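Only one structure is covered here, and it is reproduced in the block below.
The values are calculated or read from the model by the stated rules, or taken from the named source; none is laboratory data. Not measured: the values here are computed from a predicted model. Glycine also receives a Cβ, built like all others from the backbone with ideal geometry; neighbour counts cover every protein chain displayed.
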Amino acid sequence: MKKNSLLAMGDLSREDIIHILDDALLFHDTYKDWQLPLPRVLAANLFFEASTRTHFSFESAEYQLGCKVSDIYGETSSVTKGESLYDTLKTLEMHGFDLFVIRHSKDRFYEELENIHVPIINAGDGKTDHPTQCLLDLLTMRQQFGHLEGLNVVICGDIEHSRVASSNKTALELFGANVVFAGPKEWEREGYKSVDFDEAIPWADVVMMLRIQRERGASLKDMSDGEYLEKFGMNKRRYEMMKDNAIIMHPAPFNRGVEIDGDLVEAEKSRIFWQMYNGVLVRKAVIKRALGFPPFGDYHEN
């Protein structure tokens, strides 16, 4: 597999992450219309799970970089006939594709793809990792605070099934941030420090909310949406408990009135839609890296 593939946050060093974030910012500030100096790049987006933000931000990033894009969905591919993911990708490799962006319900789906020689970007695997979501989260935090070191971050909700929680824990701890988790006890995860949500709110610089992943078996059981919002959601009472410069984040899709009060989605402290904007910038930087281009800083030095 190509060395510039992005499979898991644990594969990236601090320096790797900083280069990606810096490149993303330069796309915003200086290189908004920058295109890859190649005759053509064929990108295949293979989504075997539903997606709006990740899928279409990748597609937007690819088109803005000058790629030719093909979208391949699980239900319309030969996977439905029993073909393996490996054989699907090997077929596309033989057809001349230069980049694969893959979302899959299987944890670490990429472990069976060692003999694929096209760079792969993980767009979310099972409940294990979501590296580009994590990178856009880190970019949003760094824009807000100017740094990641020492930030206090509480992530609340369905921790057990969340690849976002997993990726952010790995990356934020690499930068020396303090990361804790809150939510229903049945969704706690071994090795993830669990705290009382109300106690964490005044301490936190970042309050990251997660949705309930019903498609992975999570259930409110006998709790109504309103009861969940009161016990574990970002409601107006908790909003008033936040630090003045603290921010709310959410990887989306969000469920108004469940994990977050609908009026708070676009509140002053919310960065939810700004995260989505950052998603295109980060995915541009990740695609650029996957295709073998050095960080922009290296261009400046030449």
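For the residues Leu46, Leu26, Leu42, the requirement of being at pLDDT 95 or above, surrounded by 19 or more Cβ atoms within 10 Å (Cβ to Cβ) and assigned by TED's automatic domain parsing to the domain that holds Arg289 singles out Leu46.
Counting only residues that are buried (at least 18 other Cβ atoms within 10 Å of the Cβ) and under 20 Å from the mean Cα position of the chain (by Cα), which one in the stretch 262-275 is farthest from Asn235 (Cα to Cα)? The qualifying residue farthest from Asn235 (Cα to Cα) is Gln275. The test for being closer than 26 Å to Gly262 by Cβ and in contact with an Asp or Glu (Cβ under 7 Å, 6 or more places away or on another chain) holds for Met234. Summed over the stretch 1-23, the residues that are at pLDDT below 95, surrounded by 12 or more Cβ atoms within 10 Å (Cβ to Cβ) and assigned to a loop (DSSP other than H, G, I, E, B) give a count of 3. Residue count for the stretch 177-194 under the criterion of being over 18 Å from Glu230 (Cβ atoms) and either surrounded by fewer than 19 Cβ atoms within 10 Å (Cβ to Cβ) or not β-branched (Val, Ile, Thr) (or both): the result is 10. Just one of the listed residues (Glu240, Glu259) is closer than 26 Å to Asn152 by Cα, at pLDDT 90 or above and exposed (fewer than 13 other Cβ atoms within 10 Å of the Cβ), and it is Glu240. Does Asp158 count as more than 16 Å from Asp205 (Cα to Cα) and in the same structural domain as Asp23 (by TED's automatic domain parsing)? For Asp158, the condition - more than 16 Å from Asp205 (Cα to Cα) and in the same structural domain as Asp23 (by TED's automatic domain parsing) - is not met.
Within the stretch 100-123, the set of residues being in contact with a helix residue (DSSP H, G or I) (Cβ under 8 Å, 6 or more places away or on another chain) and under 11 Å from Leu6 (Cα atoms) comprises Phe100, Val101, Ile102, Pro119, Ile120, Ile121, Asn122, Ala123. Scanning the stretch 69-85 for residues that are at pLDDT 90 or above, under 19 Å from Leu42 (Cβ atoms) and of a type outside the set (A, V, I, L, M, F, W, C) yields Ser70, Asp71. Checking Leu113, Leu85 one by one, the residue that is in the same structural domain as Ala44 (by TED's automatic domain parsing), more than 20 Å from the chain's Cα centre (by Cα) and in contact (Cβ under 8 Å) with a residue 40 or more places away in the chain is Leu113 and no other.
Does at least one position in the stretch 176-186 carry a residue that is closer than 19 Å to Asp107 by Cα and either among the acidic types (Asp, Glu) or outside the structural domain of Gln143 (by TED's automatic domain parsing) (or both)? No, every residue in the stretch 176-186 fails to be closer than 19 Å to Asp107 by Cα and either among the acidic types (Asp, Glu) or outside the structural domain of Gln143 (by TED's automatic domain parsing) (or both). One residue stands out among those in the stretch 124-140 that are more than 14 Å from Leu6 (Cβ to Cβ) and at pLDDT 95 or above: the one that is nearest to the chain's Cα centre (by Cα), which is Asp137. With respect to being among the hydrophobic types (A, V, I, L, M, F, W, C), out of contact with any Asp or Glu (no Cβ under 8 Å at 6 or more places or on another chain) and under 22 Å from Arg238 (Cα atoms), Ile201 fits the description.
State whether the residues of the stretch 141-151 include one that is under 16 Å from His250 (Cα atoms), assigned by TED's automatic domain parsing to the domain that holds Glu227 and under 16 Å from the mean Cα position of the chain (by Cα). So far as the stretch 141-151 goes, yes, one or more of its residues are under 16 Å from His250 (Cα atoms), assigned by TED's automatic domain parsing to the domain that holds Glu227 and under 16 Å from the mean Cα position of the chain (by Cα).
Residue count for the stretch 237-267 under the criterion of being at positive phi and without any contact (Cβ under 8 Å) to a residue 60 or more places away in the chain: the result is 1.
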